[in-house]
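Down below is the structure, laid out as structure tokens.
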Number of protein chains: 2
Amino acid sequence: MRITDIREATAAIGSEMSNAFIDFSQMTISVVAVASDTIRNGKPVTGYGFCSNGRYAQGGILRERLIPRIEAADAADLLDQDGRNFAPCKIRQVMLSNEKPGGHGDRAVAASAVDMAVWDLVAKLEEKPLWRVLSERFNGGAHDEQVLVYPGGGYYYPGKGLERLREEMRGYHDQGYKAVKMKIGAASLAEDLARIEAVIDEIGSGGDLAVDANGRFDLSRALAYGEAMGDYGLFWFEEPGDPLDYALNAELAAAYPGAIATGENLFSVQDARNLARHGGMRPDIDWMQFDPALCYGLTEYLDIVETLEGLGWPRRRHIPHGGHQLALATAAGLQLGGSESYPGVFQPFGGFADDTVVESGMAEPGEYIGIGMEAKAAMFTEIQRLVGA
Amino acid sequence: MRITDIREATAAIGSEMSNAFIDFSQMTISVVAVASDTIRNGKPVTGYGFCSNGRYAQGGILRERLIPRIEAADAADLLDQDGRNFAPCKIRQVMLSNEKPGGHGDRAVAASAVDMAVWDLVAKLEEKPLWRVLSERFNGGAHDEQVLVYPGGGYYYPGKGLERLREEMRGYHDQGYKAVKMKIGAASLAEDLARIEAVIDEIGSGGDLAVDANGRFDLSRALAYGEAMGDYGLFWFEEPGDPLDYALNAELAAAYPGAIATGENLFSVQDARNLARHGGMRPDIDWMQFDPALCYGLTEYLDIVETLEGLGWPRRRHIPHGGHQLALATAAGLQLGGSESYPGVFQPFGGFADDTVVESGMAEPGEYIGIGMEAKAAMFTEIQRLVGA
């Protein structure tokens, strides 16, 4: 069994929205296809992958470093022990050979797109949904039928007022979501509090609202927001300060009684472990949000979950960033706490399969073979256009 | 005043050597030229830059993200207050706009090549050596006439035995170096101890020998090496564990009486601050080795030095990685502890100007205008070939 072709392309996912840190007008992602020599229905079995939004396409690193190393490897160095399927950890090792330690940034994003395609391929070769493969290999066969999902929304758009924010949140409830998320930090504290109170009024409970500062705050502003928001009983306060400012996070955790969530901008086991060691995060109430499509891929994400278990973090305290089918499958198969979702943003890549129903804030991962990208028509058409055979 | 042209190209610096983590056979770097509309001697004043070895060329990030943002900016947004020269911090801000926090890896390397070219250009427009510009702007006019330099050598090569290692070190002494460095960690502890003892025997003092594990060791091996090497009185023990494993570093620092040096694989103020906060590093004996041509450039390096001063770290405890003229100029202008050097490796980019004399382990930064790349003939010829007008 061998890989016969690896393709990569850049997809545009630009939009007019912004969070507290960046605007998304020029945003791109990398899309990857990994084709095998196994033929089914007259076509090579092929896995597809992409990186999550926010860190741009990584064509240079893919074309110059990661893909050539896989292409140059002996076929056996990419297979599992009995040679019957590809081995994601061995492919990770090959594509990252001769890479120095540290500096987990764009390289991790590039590797994630390849790794997602590899896992899609592995599950397709087993003719199983990815969540079932994960459940069998890493969770003793257990899985969740339904996964808590919440829309990563509430972005700042030019001219967006309270009424449009309420309308957006009402729309999520109409779609079956219960918990929702909104951005904070690109306005003043007073304006943000008015926005938060409008949304709580709209959805009925602070416990169903998460707020996300996207790493914008310094310590004093994080503490000021924490103090002002303390009585809302929010679902969580996300990425209050710079994602690498563990000391800020620890100070906030000591002062803010509610839950803190962070991790989407930490891309390795080493960085995740530092957050757990130095960030003051509380395994009984806080949330870890590493993204399996940014942190070198699901393969490294599994290592992160395992490493954090060794530091006292139950799997239920992970809710991955990303808002795509990979995150949903991972949450179902490993029985994590939930998964982000992107209904309507980062299209056509955001969100789940076209027939995924969200009810009472829960979604089913579905019985699609592999990750199930073929069941998300607009996205799969775009993937085929970009990297199809 | 405005930038008229930005060019980038990939230079091959591959060689047969390896450290404990990677081999360098496929190594590349990015080279950048930034041309201004100021004409002198009939030619546009142009700054040149490149990233340090070890993290590969970054053409994709340069072409798709960083360079287009600078090209799209208003000229005034790149200039200092009186409009008479370019402002490196404003250019950094422009080229990194719409980039999310965290994930300081390849992007930081790409930015470093641009930033080096910008500083070369800034100093050329002032018609001064860069070290003098740094001394005037950031060091009250003080500078060092001579800078401690040491060769980053002692690599593992296929078939390299003790005799060739001794010969290499003898060569450095013949060239005027006093302190030297060698790699450890790609052999057994016993073999490495034999290599270390051979070098100490050759150069006469453990205090002149630094050893570098390149982040290879887990805690038990780091402690074992630390214990075995405790009596040699080495110059320093470099990058014992993964560069992000602050806890390992802190445990070693508590057990190992000698100096520890690390930092070359941390590429931002945030990561550097975490090392100072959580890594157990001792400001009276340890060394910080951040690289101004990997960590988003000299502009960010200046922020790192200042941030660490606020945490009790004197400037003399910094010895930048990189082994090039930028590091030497930075050390002289800011009065740091010294600078790495690469005589004979990473050619033609490693090492200083052709007429730089090393005597008793010290080098003079020279009176070349700008960084002085024109005074390193083989390198400058290659730069001209790659990005010359």
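The values are calculated or read from the model by the stated rules, or taken from the named source; none is laboratory data. Since this is a predicted model, take the numbers as computed values, not measurements. Because the Cβ atoms are built from the backbone with ideal geometry, glycine has one as well, and the counts that use them run over all protein chains shown.
Does B:G185 satisfy being without any contact (Cβ under 8 Å) to a residue 24 or more places away in the chain and either within 14 Å of chain A (Cβ to nearest Cβ) or surrounded by fewer than 23 Cβ atoms within 10 Å (Cβ to Cβ) (or both)? Taking the combined requirement at face value, the residue does not satisfy it. Taking the stated definitions as given, is B:Y56 assigned to a strand (DSSP E or B) and among the aromatic types (F, W, Y)? Here the answer is no, as B:Y56 does not meet what is asked.
Of the conditions (1) away from every other protein chain (no Cβ under 14 Å); (2) outside any helix (DSSP H, G or I); (3) surrounded by fewer than 20 Cβ atoms within 10 Å (Cβ to Cβ), A:V149 clears all except one; give me its number. Unmet condition: (3). Number of residues in segment A:48-104 that are within 14 Å of chain B (Cβ to nearest Cβ) and within 30 Å of A:A20 (Cα to Cα): the value is 15. Just one of the numbered conditions (1) within 20 Å of A:S52 (Cα to Cα); (2) in contact with a helix residue (DSSP H, G or I) (Cβ under 6 Å, 6 or more places away or on another chain) is not true of A:L308; which one? In the conditions (1) within 20 Å of A:S52 (Cα to Cα); (2) in contact with a helix residue (DSSP H, G or I) (Cβ under 6 Å, 6 or more places away or on another chain), A:L308 misses (1) alone. The numbered conditions (1) more than 24 Å from the chain's Cα centre (by Cα); (2) more than 24 Å from A:P320 (Cβ to Cβ); (3) not acidic (D, E) are all true for A:Y157 except (1). Taken across segment A:102-121, residues that are touching a strand residue (DSSP E or B) at 6+ places or on another chain (Cβ under 8 Å) and surrounded by fewer than 16 Cβ atoms within 10 Å (Cβ to Cβ) do not occur at all. Considering segment B:287-345, and only residues there that are under 25 Å from B:E16 (Cα atoms), aliphatic (A, V, I, L, M) and at pLDDT 95 or above, the residue that is surrounded by the most Cβ atoms within 10 Å (Cβ to Cβ) turns out to be B:L294.
In the condition set (1) of a type in the set (D, E); (2) buried (at least 20 other Cβ atoms within 10 Å of the Cβ); (3) within 13 Å of chain B (Cβ to nearest Cβ), A:D23 is compliant with all but (2).
Test A:S97 against the criterion of being of a type in the set (S, T, Y), buried (at least 18 other Cβ atoms within 10 Å of the Cβ) and either outside the structural domain of A:Y296 (by TED's automatic domain parsing) or farther than 19 Å from A:F267 by Cα (or both), and give yes or no. No: the conditions fail for A:S97.
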